[in-house]
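See below for the structure under consideration.
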Amino acid sequence: MEVDGTRQSASGLEWKLHPLVLINMSDHHTRTRANTPGAMAPGATPPAVMGCLLGSQSGRSVDIRNSFEIRYTPGPDGTVDVDITFLLKKQEQYKQVFKNLDVVGWYATGAAITDGHRLAHRKISEVVESPVFLLLDAAVDHTRKDLPVGLYETELHLSPETGAPGMVFVKAPYSIETSDAERIGVDQVARILASGKASGSEQLSAQLVSLHSAAKMLLERLRLIHGALGKVAAANGSGGAYPHSLLRQVSSLVHSLPACNTDAFNREYLTEYNDTLLTLYLASMTRGTHAANEVVDKFCLAYDKAGRRRGL
């Protein structure tokens, strides 16, 4: 079973991937890596994980909504022995709770499809009809802008070398589908810091640090543009020609930045500043009133007890 990265799936199915699946895959990989001795060392190869995808099909649209982990045993020669008995048991348990969800495929981690993935796909195809394969690249790449996941279907194609028919992996287009509950969950996961805490003060500190980094980067870029314009002005004074295309780009960029010395900005800034001061003032008054109320309650309680003793 080969991989054809130049072709798109011709099945016509519309795949919708829910964020819960990506969170489950990431959590599975993180737990396995943390519990494997030596996997957290720099340069160590992280252990691979596998699981099944749960979804439902309506016409030509397939929603991948959930997932569960499966057991497998890696062999010394790259083979993978999937525990089919465990897979069928988990499938039956999930079917009792989620009656509308069926196993539509499986997932694994890795940078690319390997022979182990092909063997596992053949094994899972024995119990799941036409499974889809979701591959998660767990390597951290800060320059990457798209999701590190790829969705693959299997199709029958003729081999260009031998002409024999065979199953190949082809990429399937997908879209991210979210519900209201998933949006809340994803937002909460995004708020959790690297330390594992999600308190209000630490979230505010992290936000302020990110804002400071963004403002610092903007200042560095503006200094770079200012230096380039200084060199252009110096070159023009010595008889050089103006790079009009570059100057138009700089002018467009500068005009896109919001001006901070306008009356509208000053009014908005003063309004927010006064609202913040008013909030702090009301909070101080509330704390003072609460403290005074506690003192009055204690005084009334003590005076009432003293009066009762004198009456006796």
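Relative contact order, percent, of the stretch 14-181 when contacts are C-alpha pairs under 8 Å separated by at least 6 residues? If you can, show how the numbers build up before the last one.
Working: 282 pairs, mean separation 36.7, N = 168.
The value is 22 percent.
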Cβ crowding within 10 Å averaged over residues, with 13-23, 55-65, 139-149 ranked highest first: 13-23, 55-65, 139-149
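Of the listed peptides 245-254, 83-92, what is their order by residue-averaged count of other C-beta atoms within 10 Å, with the highest listed first?
Numbers: 245-254: 11.4, 83-92: 14.5.
Final packing ranking: 83-92, 245-254.
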Computed lengthening from Tyr281 to Ser125, 0.36 nm per intervening residue step minus Cα-Cα distance: 49.5 nm
Rounded percent of accessible protein surface that carbon and sulfur make up, the stretch 81-153, 1.4 Å probe: 50 percent
Projected label distance in nm at Arg248 and Ala215, using a 7 Å step from Cα toward the beta-carbon: 3.5 nm
Cα shape, the stretch 14-181, gyration tensor, a/c 1.5 rule: rounded
Dipole of the stretch 1-108, positive direction: furthest Cα of Thr79, Ser61, Gly105, with charges on the beta-carbon: Ser61
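What does the highest-first list of 98-108, 272-282 look like by mean Cβ count within 10 Å?
On the way: 98-108: 18.7, 272-282: 10.0.
Final packing ranking: 98-108, 272-282.
The values are calculated or read from the model by the stated rules, or taken from the named source; none is laboratory data. It should be emphasised that the depicted structure is a prediction, and the values quoted were computed from it without experimental measurement. Using ideal geometry, Cβ is built from the backbone for each residue, glycine included, and neighbour counts are taken over all protein chains shown. Keep in mind that these areas ignore ligands, DNA and RNA; they rest on the heavy atoms of the full protein, side chains included. Shrake-Rupley method; radii C 1.70, N 1.55, O 1.52, S 1.80 Å.
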